[in-house]
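Undergrad: Quick one: the structure is below, questions incoming.
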Amino acid sequence: MSQALIDLVREKFPEAVVSSHSHRGDEVVTVKRENLVEVIGFLRNDPQTDLKLLRQIAGVDLLTYKTEMTGGAALASIEAPAYEMQRKPRVEPRYYVSYNLYSITKHHSLRVRVELRSDDVKVPSITSLYRTADWWERYVYDMFGVEFTGHPNLTRILMYPEFQGFPLRKDYPVRKRQPLVPELDFPDLVRGPGPGPGGAGVPMSQTHVGRQNVDPSTYD
Amino acid sequence: MSDHRLPVLKPEGNVPESPRIGGDENTIPVLATRLEESIGFFEKNLSDALGWARKNSIFQYPFVTACCGMEYMSAMAGRYDIARFGAEFPRFSPRQADLLMIVGTINVKQTPVLKRVYDQMTEPKWVMAFGVCASSGGFYDNYATVQGADRVIPVDVYVPGCPPRPEQVLDGLKILQDKIQNQRHRAMSKEVAPDVRLDVAAQRRLQKNRSFLGKLLGK
C-alpha cells in the first residue's frame, strides 16, 4: 500500500537512503544520520506524507545478533554478559534507532531507521520537530546510551540517576543489581541475586561513585 | 536518674535475656517469688489484652505499587470483607498505621520510599508481603526489581500468589493475628521510658500519681 512512501523518500533524498524494506504494509527506510532531521522534517510537513504523529522511538542493540542467539549458559552466571562475546563476532553497526511515524489523516505509517556504530553512538535530536520526541529520546538514552545531540535535557527518565551503565544494552550483565539502600543478601537459589559479591558488589550507597552528586541524607 | 519516669513494657523479642524483677541477692526468696509471680501474672494478662486489642484493630497502610492492588481491593470490598477481621481501616499516613501491606512489585527506585515509610510507622508495627513480587521479586529477575521486600525491611507474613486470592490474604492476616496475639511483653525494671521534659508541677503530679506498675516495681 504505502510502498509509495518509500518511493517518495527515495525520490526526494536519493543519496540519503541506505536501504528500505516493505512487508505487508510495514515500511522501513534506513537513512544516513546526516540526513535524518531533514528526512523526518520532510515526512512531517509534506502534505502527501503528513506523518504528524511520532508513535515511538525505539533503540535496538544487535551486538552478536546476526550470527546466533545464545541465552541459557550466560543466565546461570552472574558475571558473564548475556551474550558470549568472546566466541561470537560482533555486528557493526551495532545499534540502530527506529522512529515510528504515523499519519492520522492518511492512515499510513513509516519507520525511519538510523544505524549507529558502537564507537560513535550519537544521533541528532528531532525535538524541534516533535515535542513528544523529548521523552522518547530520553528513554532511548536511558536504556541504550544513545546520545541525542541538541536535546534540551538529556537525562535518565526511568532509571535513577545513580544507575551506572545502560540496562538494555546486550552486554549489560543480566543479573547485575545496583541497590539504592543497603540490602540483605540471601543465599537463595530461587530468588534473583542480591547485593552479594557476585551481584552488584558492595551496596551502591556505600562505595559507588554514582552517588557523588546525590545528597546522601535523602536516602536510607 | 530522675524519679518521675515510668518503666516501659517492651515486646519480648526485642530484649534478649531481660533481667527479672527483684534480682537483688539480699531479697528474701519467698518475697521475690511472690513478686515474680504477681508480675508474671500481670505481664501475661496485659500481653493477652494488648494482643487481643491489637490483632482486632489493625490499621493498615497499603503500599500499592502494582496489579496486586486489584486483589487488595477485592479483599477489602464486600464479598471478602477484610473488615470481619478488624483490618478494614486503611490509614494513608504511615504514622497512624500498624500494618504495612506491600502490595506489588518493589523496584530499586522505590526502595528509599519504602524504607522511609517503614521508618515512619510507629511501634508496634508489622509488615505483610502481599503477592509473590513483594515476597521474592516474582518473575521480575531483572536490573530494576528488588528480589523481595525483605531485602530492605523486615517482613512478618508472606502471602504468595500472582496475585493472591482474597482467601489467601485473609489467611495471611489470620496468621499475623496469631503472631500478634502470641506476643509476650515483659515488665522491665532497668529500662525506662525516654525522658520527657515536664514542668515542675507536672513532675509533682506524676510522682503523686504513680502508676500501679511503677509502685509495684518501686520506681
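The values are calculated or read from the model by the stated rules, or taken from the named source; none is laboratory data. Everything quoted here is computed from the prediction, not taken from an experiment. Because the Cβ atoms are built from the backbone with ideal geometry, glycine has one as well, and the counts that use them run over all protein chains shown.
Undergrad: Can you name every residue in the stretch B:145-164 that is assigned to a loop (DSSP other than H, G, I, E, B) and more than 10 Å from every other protein chain (Cβ to nearest Cβ)? Walk me through it before giving the result.
TA: Taking the stretch B:145-164 first, the residues assigned to a loop (DSSP other than H, G, I, E, B) are B:146-148, B:152-156, B:160-164.
If the condition is that a residue be assigned to a loop (DSSP other than H, G, I, E, B) and more than 10 Å from every other protein chain (Cβ to nearest Cβ), then B:VAL155, B:ASP156, B:PRO160, B:GLY161, B:CYS162, B:PRO163, B:PRO164 are the ones that fit.
Undergrad: Oh, and also: Exactly one condition in (1) within 20 Å of A:VAL181 (Cβ to Cβ); (2) over 12 Å from the mean Cα position of the chain (by Cα) is false for B:ASP156; which is it?
TA: Going through the list (1) within 20 Å of A:VAL181 (Cβ to Cβ); (2) over 12 Å from the mean Cα position of the chain (by Cα), B:ASP156 breaks only (2).
Undergrad: To continue, here is another question. Quick one: which of A:ARG156, A:ARG131 is surrounded by fewer than 17 Cβ atoms within 10 Å (Cβ to Cβ), within 14 Å of another protein chain (Cβ to nearest Cβ) and among the basic types (Lys, Arg)? Give the steps one after another, and end with the answer.
TA: Details: A:ARG131 fails: within 14 Å of another protein chain (Cβ to nearest Cβ).
Checking each option against the conditions leaves just A:ARG156.
Undergrad: Please enumerate the residues belonging to the stretch B:150-173 that are farther than 18 Å from B:MET73 by Cα and surrounded by fewer than 17 Cβ atoms within 10 Å (Cβ to Cβ).
TA: Passing the criteria: only B:PRO154.
Undergrad: Looking at the stretch B:5-62, which of its residues are under 30 Å from B:PHE92 (Cβ atoms) and either among the charged types (D, E, K, R) or at pLDDT below 50 (or both)?
TA: If the condition is that a residue be under 30 Å from B:PHE92 (Cβ atoms) and either among the charged types (D, E, K, R) or at pLDDT below 50 (or both), then B:LYS10, B:GLY13, B:ASN14, B:ARG54, B:LYS55 are the ones that fit.
Undergrad: Just one of (1) more than 14 Å from chain A (Cβ to nearest Cβ); (2) surrounded by fewer than 17 Cβ atoms within 10 Å (Cβ to Cβ); (3) at pLDDT below 90 trips up B:MET70, so point out which.
TA: Unmet condition: (3).
Undergrad: Still on this model: Given the criterion in a helix (DSSP H, G or I), within 18 Å of B:GLU71 (Cα to Cα), aliphatic (A, V, I, L, M) and modelled with pLDDT of 90 or more, identify the matching residue among B:ALA129, B:ALA134.
TA: Details: B:ALA129 fails: in a helix (DSSP H, G or I).
None of the others qualify; the one that does is B:ALA134.
Undergrad: Hey, another quick one. Out of the stretch B:120-142, which residues are within 11 Å of chain A (Cβ to nearest Cβ) and out of contact with any Phe, Trp or Tyr (no Cβ under 7 Å at 6 or more places or on another chain)?
TA: So in the stretch B:120-142, the residues within 11 Å of chain A (Cβ to nearest Cβ) come out as B:132, B:135-142.
Passing the criteria: B:VAL132, B:SER136, B:GLY137, B:GLY138, B:PHE139, B:TYR140, B:ASP141, B:ASN142.
For every residue, the table says whether it meets (1) assigned to a loop (DSSP other than H, G, I, E, B); (2) touching an Asp or Glu at 6+ places or on another chain (Cβ under 8 Å); (3) under 29 Å from A:VAL114 (Cβ atoms); (4) at pLDDT 85 or above.
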residue: A:TYR172; (1), (2), (3), (4): yes, no, yes, no
residue: A:GLN178; (1), (2), (3), (4): yes, yes, no, no
residue: A:LEU184; (1), (2), (3), (4): yes, yes, no, no
residue: A:ASN213; (1), (2), (3), (4): yes, no, no, no
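Undergrad: Now for a separate question. Might you check whether a residue that is more than 16 Å from the chain's Cα centre (by Cα), part of a strand (DSSP E or B) and within 14 Å of chain A (Cβ to nearest Cβ) occurs anywhere in the stretch B:94-112?
TA: Within the stretch B:94-112, the first condition is being more than 16 Å from the chain's Cα centre (by Cα), and the residues that meet it are B:103-112.
Among the residues that remain, those that are also part of a strand (DSSP E or B) are: B:103, B:107.
From what's left, within 14 Å of chain A (Cβ to nearest Cβ): B:107.
Looking for residues that are more than 16 Å from the chain's Cα centre (by Cα), part of a strand (DSSP E or B) and within 14 Å of chain A (Cβ to nearest Cβ), one finds at least one in the stretch B:94-112, hence yes.
Undergrad: Would you please list the contacts, defined by Cβ atoms under 7 Å and residues six or more apart or on different chains, that run from a residue in the stretch A:36-55 that is farther than 12 Å from A:ILE126 by Cβ to a residue that is part of a loop (DSSP other than H, G, I, E, B) and of a type in the set (D, E, K, R)?
TA: Within 7 Å, the pairs are A:ASP50/A:LYS106.
Undergrad: Something else now. Between a first residue in the stretch A:160-173 that is more than 10 Å from every other protein chain (Cβ to nearest Cβ) and a second residue that is of a type in the set (Asp, Glu), which pairs have beta carbons less than 7 Å apart while being 6 or more apart in sequence or on different chains?
TA: A:ARG169/A:ASP61; A:LYS170/A:ASP61
Undergrad: Follow-up. May I ask you to list pairs of residues, at least six apart or on different chains, whose Cβ atoms are under 7 Å apart, with the first in the stretch A:112-124 being surrounded by 16 or more Cβ atoms within 10 Å (Cβ to Cβ) and the second being in a strand (DSSP E or B) and among the small types (Gly, Ala, Ser)?
TA: Here the result reads A:ARG113/A:SER98, each pair linking the stretch A:112-124 to a residue that is in a strand (DSSP E or B) and among the small types (Gly, Ala, Ser).
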